[in-house]
Every structure is written in C-alpha cells, then in structure tokens.
Amino acid sequence: MTEGKRNIIQQLLQEYDIETAEDIQAALKDLLGGTIKEMMEAEMDEHLGYGKSERYDSDDYRNGYKPKRVNSSYGQVDIAVPQDRKSTFEPQIVKKRQKDISNIDQKIISMYAKGMTTRQISETIEDIYGFEVSESFVSDVTDKILPQIDDWHNRPLDEVYPVLFIDAIHYSVRDNGMIRKLAAYVILGITTEGRKDVLTINVGDNESSKYWLSILNELKNRGVRDIMVICADGLSGMKEAIAAAFPKTEYQRCIVHQVRNTLKYVPDKDRKTFATDLKTIYHAATEEKARKALDGVNSKWTPKYPNSMKRWYDNWDAISPIFKFSPTVRKVIYTTNSIESLNSTYRKLNRQRSVFPSDTALLKALYLATFEITKKWTQTIRNWGAVYGELCIIYEGRLPE
C-alpha cells in the first residue's frame, strides 16, 4: 500500500467516524456521489472551454444543477448533474438517461444464466443493493441477449465432426394461458481436435423425420458436410432424417438410454443383477458375441419381464455399430458423459422453475446456461489422440489427418 493510500484511509476514518463494515459502505456511498459530481464538473469545463471560476466570452455558460438518482453497487445514490444554458452538455461518467452505474445488467444476466426466475432476481437485487428492479425490467435486460443468441445460433460450424450427440430435455411452458410440455433438443459435437461444442438448441414439440431433416439441413447450411457417428435416443424420425441428410453417417442408439428404457420394466430387487447382465451385451468384443449375449439375457429375463428386451431386437441395427470400435472409442460414444454433464446443467433449470412464462424465456435460460458451462470446457476428450487415430482408419479419407 502506498503512502498516499494510507493518508486517504486515515482521512476517511477521521471524517466518517467509521467503526463497522456498514459504516465503510455508507462512507463510500457518500463519496461516490461527490466524486461523480466533481468528474462531471471537469467534463463541463472541457465542454465550455473554461473553468468554473474563469471568465470567458461565450454565449453558453453554467446553469445550475439537476438532481438525479442512480442505482449503484452501494445502493441508490443522489447526484447533482451540472447544466449549461444551451443544454448541449453530454456527461460521460453518467450519461443522460442512464439510471444505473453498477453493471446491474451483467449481474442480472449472470443470475438468469444460473436458473433464477425474474422474481428471484428482482428480490435478490433489492436484498443486496437496496433498490427495486421490476420483473419486467429483468425480462427487458435479458431480452438484450436475443441478438447475441441469434448470432450464436447462426455461426458457421466445422466442416467435419467425428461424433454428434442429440438429446432432449422436457420443460413446462405457458402458452396462451395453457401449460404444455416442450422439448429442448440439444446437439453436442465433438470436434476433430477432441473438444466439446454445443452446435444448436431447438425448442419444439413435434418430432418427425421432416422435423429432424430440417434440423440436420440447418447444420449443413452452416457448413457441416460430414459426420461419422450420430448418437441419440429413439427420437422419432431420426434414423430416416440422417439417411437423407448425411447418408454416410452411422446412427448409433444411445446405450445409456437403451439400458434405462430396459430397466424401467424391472423392479428394484432385480435391477442390479439385470443391469450386470446387460453389460455382457454392450461390452462384448464383437457383434457376433454381443448377439449371443443378447439371446442369453433374453432367455433368462423375458419369461419374468416380457417387455424388457423387445427394444434390443427392434433396435439392433442402430445398436450394433458400436461393436466395430475398440473400448477406448466406445467409451467416448456410449457412455455419453459429454451430453450427460451438459444435461445436468439444463435439468437445474427445471428444479428452479416449474413453468417457464414463454418459449422465449426458456430459450434465453437454455442459451445462457450453455454459455456458462462452456466456459469451463478447456480440456480435450480423454485419450483423444488414440480415439481420433482409430476413427481415421475406420472412416478412411473422411477425417482430416
């Protein structure tokens, strides 16, 4: 600490008789208004071309002060804004019509990104800063990011993605006084460098091959020309859409979802044993051995739980691509750790908001949550070098080497 800073602190202690942390806040708040006024006085000097106590031959001159109340990090502060006769003075430290100097917009957006509702944000701002912000004001602030979301959603994408994951999370949204369920479809890509990248988020309620074809064509229009593997749950129309948009791409049913869909037919007493038996299928060394394991599990459990294994046979053409890969590559594809960690962030929104006021509010929350979590994505996928090398051999000539 410099000697000058020590002197300032000593003067502050003497002037305000500070004894508590609250006293410090009050003193700084008091000083803030005076400091802003002095800075505005300097700006007025520059605007007029002469100082307050100087004489000058000009038809413009100082014309008193106008009171103004602004929101700051210390609460509401009253300031005196210098005026000139011609009303041409444009202060920069606190601009005309500016009512906030606390960077409150960024604070609101950050809270919204963490899943807080407009009401919770309004109450939190009042608790922390001592001034009110309406729920409509919070909504208006978050609306400012809509152009940013639009730009993000339309940004150019890579030409090639080794793996894409597509998943859906459902939310309750108010629509014309009615509450309906909408699905947020998230597409997460693994780049050729082994990094995760959320490519797009779409909110809708109508799964079909036509719908998914429009989503995949959107990716093509943004620059994607080839994908090696698309991993997804049994989304209606997905298989047909992939065949139309990316005919060389393999559709891999998500093994995690496949197992979950199976175990929902099984009571707790048998679930652990059943799950262990299912591993013999998707951990098999080859497709032939996996098929034999499937028949064995089916023979053991179907008499007891008739509907449990049917989907394995129905979906085998979309389950079986996994068996051409080594365990290292399979781990990237079928464990879905990448998409699951992302989805856990999105599910927090459901826990904090039972109903979204509109689909726009849902989109804002989803994108802001995405921006927050992707800041932490600084590492590549584990063992990516080995994974990419194997993919280059299997999909020869389709991946940059």
remark   = Note on region 79-95: residues part of a loop (DSSP other than H, G, I, E, B) and either among the small types (Gly, Ala, Ser) or outside the structural domain of residue 27 (by TED's automatic domain parsing) (or both) are 87
task = Check whether at least one residue in region 320-327 is in a helix (DSSP H, G or I), at pLDDT 95 or above, over 32 Å from the mean Cα position of the chain (by Cα) and among the basic types (Lys, Arg), and report yes or no.
result = no
inquiry  = Among the numbered criteria (1) exposed (fewer than 13 other Cβ atoms within 10 Å of the Cβ); (2) farther than 30 Å from residue 395 by Cβ, which one does residue 248 miss?
reply    = (2)
task = Quickly run through region 84-118 and pick out the residues that are over 18 Å from residue 33 (Cβ atoms), modelled with pLDDT under 80 and basic (Lys, Arg).
result = 107, 114
task = Out of 143, 167, report the one residue that is among the charged types (D, E, K, R), surrounded by 15 or more Cβ atoms within 10 Å (Cβ to Cβ) and either on the phi < 0 side of the Ramachandran plot or in contact (Cβ under 8 Å) with a residue 24 or more places away in the chain (or both).
result = 167
Boolean, residue 125 is at pLDDT 70 or above, surrounded by 15 or more Cβ atoms within 10 Å (Cβ to Cβ), β-branched (Val, Ile, Thr) and closer than 22 Å to residue 30 by Cα = yes
message = Quick check on residue 347: is it outside any loop (DSSP other than H, G, I, E, B) and either farther than 21 Å from residue 160 by Cα or in contact (Cβ under 8 Å) with a residue 60 or more places away in the chain (or both)?
response = yes
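The rows are residues; the columns are (1) among the acidic types (Asp, Glu); (2) under 16 Å from the mean Cα position of the chain (by Cα).
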site: 340; (1), (2): yes, yes
site: 345; (1), (2): no, yes
site: 361; (1), (2): no, yes
site: 364; (1), (2): no, yes
site: 375; (1), (2): no, yes
site: 383; (1), (2): no, no
task = Determine if region 334-354 includes at least one residue that is crowded, with 17+ Cβ neighbours inside 10 Å, modelled with pLDDT under 85 and more than 30 Å from residue 109 (Cβ to Cβ).
result = yes
message = If residue 203 satisfies all but one of (1) more than 23 Å from the chain's Cα centre (by Cα); (2) hydrophobic (A, V, I, L, M, F, W, C); (3) surrounded by fewer than 18 Cβ atoms within 10 Å (Cβ to Cβ), what's the number of the condition it fails?
response = (1)
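If you take the residues in region 53-78 that are part of a loop (DSSP other than H, G, I, E, B) and within 17 Å of residue 93 (Cβ to Cβ), which one is nearest to the chain's Cα centre (by Cα)?
Result: 73.
Results for (1) farther than 23 Å from residue 315 by Cα; (2) not in a loop (DSSP other than H, G, I, E, B), shown as yes or no for each residue.
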{"position": "212", "(1), (2)": "no, yes"}
{"position": "218", "(1), (2)": "yes, yes"}
{"position": "223", "(1), (2)": "yes, no"}
{"position": "231", "(1), (2)": "no, yes"}
{"position": "240", "(1), (2)": "no, yes"}
{"position": "243", "(1), (2)": "no, yes"}
{"position": "256", "(1), (2)": "no, yes"}
{"position": "262", "(1), (2)": "no, yes"}
{"position": "277", "(1), (2)": "no, yes"}
query = Can we say residue 360 is surrounded by 14 or more Cβ atoms within 10 Å (Cβ to Cβ), at pLDDT below 90 and assigned by TED's automatic domain parsing to the domain that holds residue 232?
reply = yes
inquiry  = For the structure I just gave you, tell me whether residue 253 is in contact with a Gly (Cβ under 7 Å, 6 or more places away or on another chain) and surrounded by 15 or more Cβ atoms within 10 Å (Cβ to Cβ).
reply    = yes
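The values are calculated or read from the model by the stated rules, or taken from the named source; none is laboratory data. Predicted model, so just to flag it, every value in this text is computed and none were measured. All Cβ positions, even for glycine, are placed from backbone atoms using ideal geometry, and neighbour counts span all protein chains on display.
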